[in-house]
Each structure stands twice: as structure tokens, then as C-alpha cells.
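Bear in mind these aren't lab numbers, they're just calculated from the coordinates by the rules spelled out. What you are looking at is a predicted structure, and each value in this text was computed from that prediction instead of being measured. Every residue, glycine as well, gets a Cβ built from its backbone with ideal geometry; the counts of neighbours run over all protein chains shown.
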Amino acid sequence: MGKEEIDVNKLLQTAYDYIDRNHQAMISLWKNIVSIESPSSDQQAVGRIAAHLDTYCDAMGMSRKIFSFEKAGPTFMAWTTPGSSKPVALIGHMDTVHPVGSFGSNPFLIDGDTVTGPGVLDCKGGVVAAIYTIRALKAAGYQERQLKLILSGDEEVAHALSGGEGGKIFEQETTDCAAVLNCETGIRGGDVTIRRKGGAIFVVEIEGKAAHAGKEPEKGVSAIRQAAEMILAIEQKTDFSGTTYNCGRIEGGKGANIVPDYCRFTVGIRYWTNAQYQEAEAFLRELCEHPSVTQTRCRISQNGFYPAMEPVEKTDHLLKIYQQCCLELGLPAPKGTCQGGCSDSAFVARAGIPVLCSLGVAGEGPHTLQEWAEISSLAVQCKKMIATILALPEDF
């Protein structure tokens with residue numbers, strides 16, 4: 001056993017001991033940020049989370065930056081001093097889906113090894129895991145790589161509130177990284193995500209011509225009929241093994257006695273590759289440019305976007321390192337899985353950086369009032385990430 005290996009083992013054990021000693025402090029931070037309820041649409045609430053973490057990371061000696069937007073909550077970023085090897089980024093998000101008050105007056109409740117609350121699983125538990133992974137490595141004296149923390153404020157709405165800028169930050173700020181660990185909702189059993197579908201939301205607006213539906217219907221042009229024909233054509237394009245289309249909301253018309261002059265509907269698409277996204281977008285725009293109902297006019301706009309998380313060079317290598325670290329912790333080797341849900345890992349992958357996703361705390365029920373997380377998984381997830389960072393080869 002060489003000197004370098006002895007030093008790594010010492011760093012590893014020191015960081016593990018730090019996690020074990022600070023169990024209650026980790027729970028306290030978890031409670032604090034869950035209790036600051038932060039639905040995506042509440043810009044000020046998300047800002048309070050960012051301000052709280054800004055103070056927290058300042059006390060850790062980290063440099064910080066807050067990216068502000070006109071309509072979205074901020075993106076928060078913090079980082080340690082540069083090291084001799086490429087940085088590693090730990091990412092997640094601060095926003096949740098639950099309206100304030102949905103979990104009652106005490107939103108953070110512990111029952112044995114279970115904790116419930118808004119975003120406790122998705123993904124504030126992961127935020128705590130990311131911070132304490134960095135904190136433990138700093139306490140152990142780790143300096144080889146700069147460690148970055150990047151947390152979005154409008155992830156749950158596909159960065160629509162920031163006009164897509166919130167997603168781009170992940171791509172821009174990780175291009176110099178060796179690897180990225182996404183502390184999104186963990187999978188019970190320990191598996192990790194290496195591939196995800198991308199997702200986009202389009203809004204289609206149709207203008208027709210109003211008329212009295214009884215007296216002179218022939219003078220009207222039905223926007224709803226145009227929408228109906230388009231929706232049928234769109235839904236028929238769904239391929240459950242590839243690209244799927246979902247027309248999830250429709251509104252229009254003023255009454256049964258008026259030929260409707262306006263209709264609006266949304267289309268959600270999901271795709272395994274970014275080439276499939278380009279094909280789907282082209283299809284939707286072509287459909288809008290050539291309406292089937294004469295004299296109607298169609299407009300299409302995008303309202304939220306995630307690229308597909310496609311495997312990149314070194315993804316398999318990063319997964320193998322993570323698997324070996326789990327085995328050395330006495331845990332099963334996790335599988336690399338594919339998921340239909342989107343995450344900010346996709347922006348990292350688009351930049352060509354290897355990324356593992358679903359490394360946050362384990363639990364069930366994200367986006368529901370039954371959302372819960374396993375308290376014991378918090379320390380375990382921290383140790384997995386600590387070990388993985390320390391195990392990265394110098395030239396990774």
C-alpha cells in the first residue's frame with residue numbers, strides 16, 4: 001500500500017467520521033430548508049432558500065454567486081478553491097411543487113426513520129446531502145479538486161419561469177468539470193440514473209371567426225374544430241417506445257351558441273434522443289403552418305424544455321467507480337437505470353460531461369402530499385459521493 005493510497009484512505013475515514021458526528025446538524029439543515037416552503041411560482045420563497053444557503057456556504061469558506069431572473073426564483077452556486085485536477089459539481093434544485101401550507105403548520109415531521117414534508121425527497125434532502133458531502137471533504141482537508149454546488153430555482157417547471165436560462169447555467173458552469181453528481185430524488189435500493197427522456201411543452205393558439213351558431217353558422221370558422229383535428233393528428237404520432245405526445249390542456253370558445261373564434265391547447269412531448277426532439281418540433285411547427293380548417297390561423301410557442309439525458313464518454317467509467325465505492329461500503333452495486341422523467345442532468349450531458357443522477361435521499365411519493373424520505377439514507381448517500389469523488393483517477 002503506497003503513501004498516496006494511505007492518504008486517500010485517511011481522507012475517506014475522516015470524511016466518514018465527520019458525517020457520522022454531524023447527523024443531527026444535517027437533520028437541522030434539512031428541517032430548515034423544508035420549512036421554508038418554496039413552490040416554483042413563489043419567487044421570493046425560493047430566494048429565501050438561496051439567501052439561507054448563501055449564508056451557510058459563506059460560513060464554509062466557499063465563494064458564492066446568485067443568478068437572478070425577472071420571473072423565476074434564483075439559481076444558487078457556490079464553490080471551493082481550485083485544485084490540481086478538474087472540478088466536480090454536485091447539483092440539485094431548491095423549488096418544490098406544493099402550494100404553501102399543503103402540509104399544515106408543521107411541514108417537517110419525523111416518525112422513526114421516515115420524514116415527511118414538501119420537497120423533503122424532491123429534492124431538499126439531496127441539497128443537504130450535496131452540502132454535507134462538500135463540508136465533510138473540506139473538513140478532511142481535501143484539496144485535489146474544486147467542488148461546485150449548483151442549485152436551480154425553477155427546475156420543477158422545466159425552467160419556463162426563467163425563460164430557459166436556469167437550465168443553461170448547468171451547461172455553462174460544468175463544462176470544465178470531470179464529473180457531475182446530481183442529488184435528485186434517490187431510488188430505493190440504491191440504483192442510479194444514467195439516461196433520461198427529455199421533455200418539452202408547446203402552446204398552440206388558434207384564431208378562427210365568431211358567428212351566431214343558429215342564425216348564420218356558415219359565416220363562422222371554428223377554432224375548436226381546428227384544434228380537434230390537430231390534437232388527433234398529434235396524439236396519433238405517439239410511439240411508446242420512442243417519442244410520446246400528450247395534449248394535456250385545452251380551452252376556448254364562449255358558448256354553445258357561438259362558433260368559437262379562439263382555442264388554445266398545450267402539448268407535452270417526451271423523447272429518448274435529442275434528434276427525436278428536433279423531429280417532433282418540426283412536425284408540430286409544420287402542422288401549425290398548414291391548418292386543415294380554412295381561414296384559421298395557428299401560432300405555436302415553447303414553454304419549457306429539457307434535452308434528453310444521453311450517455312456520454314466516461315459515463316460507464318463513472319458508474320463503475322460509483323459501483324465499486326458502494327461495494328466497499330458493504331452495499332450492493334447499483335444498476336444504471338433509464339427513466340422517463342426529466343432532470344437537469346440532461347444539460348450537463350449535453351455539454352459532454354459524465355453525470356450520475358438520482359443520488360439524493362431515498363423515499364417515495366414525490367409531487368404528492370404523501371412525499372416521504374428515509375432519514376438513514378442521508379448519511380449513506382453522502383458517503384457514496386465522498387468515496388466516488390476520492391476514487392476518481394487524477395486524469396478523469
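Looking at the square roots a ≥ b ≥ c of the eigenvalues of the Cα gyration tensor of region 1-152, which shape do they give, rounded for a/c under 1.5, prolate if a/b is larger than b/c, or oblate? In terms of gyration-tensor shape, oblate.
With an a/c value of 1.5 or above and a/b not larger than b/c for the gyration tensor axes a ≥ b ≥ c computed over the alpha-carbon atoms, region 337-396 is described as oblate.
Lysine pair count for region 198-306 with Cα-Cα distance under 25 Å and sequence separation of 8 or more or different chains is 4.
Relative to one another, the C-alpha centroids of region 110-149 and region 300-367 are positioned 17 Å apart. Evaluating 6.51 cos²θ - 1.76 cosθ + 1.60 at θ = phi - 60° for every residue in region 163-176, the Karplus couplings come out as x, x, 5, x, x, 4, 4, 4, 5, 5, 8, 10, 5, 9 Hz, glycine and proline recorded as x.
Using a cutoff of 8 angstrom between alpha carbon atoms and counting only pairs six or more residues apart, the relative contact order for region 198-306 works out to 43 percent. Per-residue 3J(HN,Hα) values for region 67-73, derived from phi via the Karplus relation 6.51 cos²θ - 1.76 cosθ + 1.60 with θ = phi - 60°, read 8, 9, 10, 5, 10, 9, x Hz in sequence order (x marks Gly and Pro). Across the chain, C-alpha contacts under 8 Å between residues 6 or more apart give a mean separation that, scaled by the residue count, equals a relative contact order of 22 percent. Loop-located trypsin sites (Lys or Arg not before Pro) across region 140-190 with a Cβ neighbour count of 16 or fewer within 10 Å are Arg188, with loop assigned by DSSP. Computed from backbone phi, the HN-Hα couplings of region 127-135 come to 4, 5, 4, 5, 5, 6, 5, 5, 4 Hz, rounded to whole numbers (Karplus: 6.51 cos²θ - 1.76 cosθ + 1.60, θ = phi - 60°; Gly and Pro given as x).
Averaging the sequence gap over all C-alpha pairs within less than 8 Å and six or more residues apart, then dividing by the number of residues, gives region 1-137 a relative contact order of 28 percent.
May I ask which of Lys314/Lys383; Lys65/Lys314; Lys71/Lys124; Lys168/Lys335; Lys31/Lys335; Lys86/Lys138 have a Cα-Cα span longer than 19 Å here?
Long pairs (Cα-Cα over 19 Å): Lys314/Lys383; Lys65/Lys314; Lys71/Lys124; Lys168/Lys335; Lys31/Lys335.
Taking a ≥ b ≥ c as the square roots of the eigenvalues of the Cα gyration tensor, the chain is classed as prolate, since a/c reaches at least 1.5 and a/b is larger than b/c. Within the shell of other residues whose beta carbon sits under 15 angstrom from the beta carbon of Phe69, the net charge comes to -4, with Lys and Arg scored +1 and Asp and Glu -1. Between the amide H of Ala211 and those of Val259, distances stay under 5 Å, these residues lying 5 or more places away or on another chain, with hydrogens modeled in the peptide plane. For trypsin sites (Lys or Arg not before Pro), the sites in region 1-74 that DSSP calls loop and that have at most 14 other Cβ atoms within 10 Å are Lys71. P(r) tail, region 198-306: Cα-Cα pairs separated by more than 20 Å, 40% of all pairs.
A straight chain from Leu327 to Asn257 at 0.36 nm per residue would run longer than the Cα-Cα distance by 18.3 nm.
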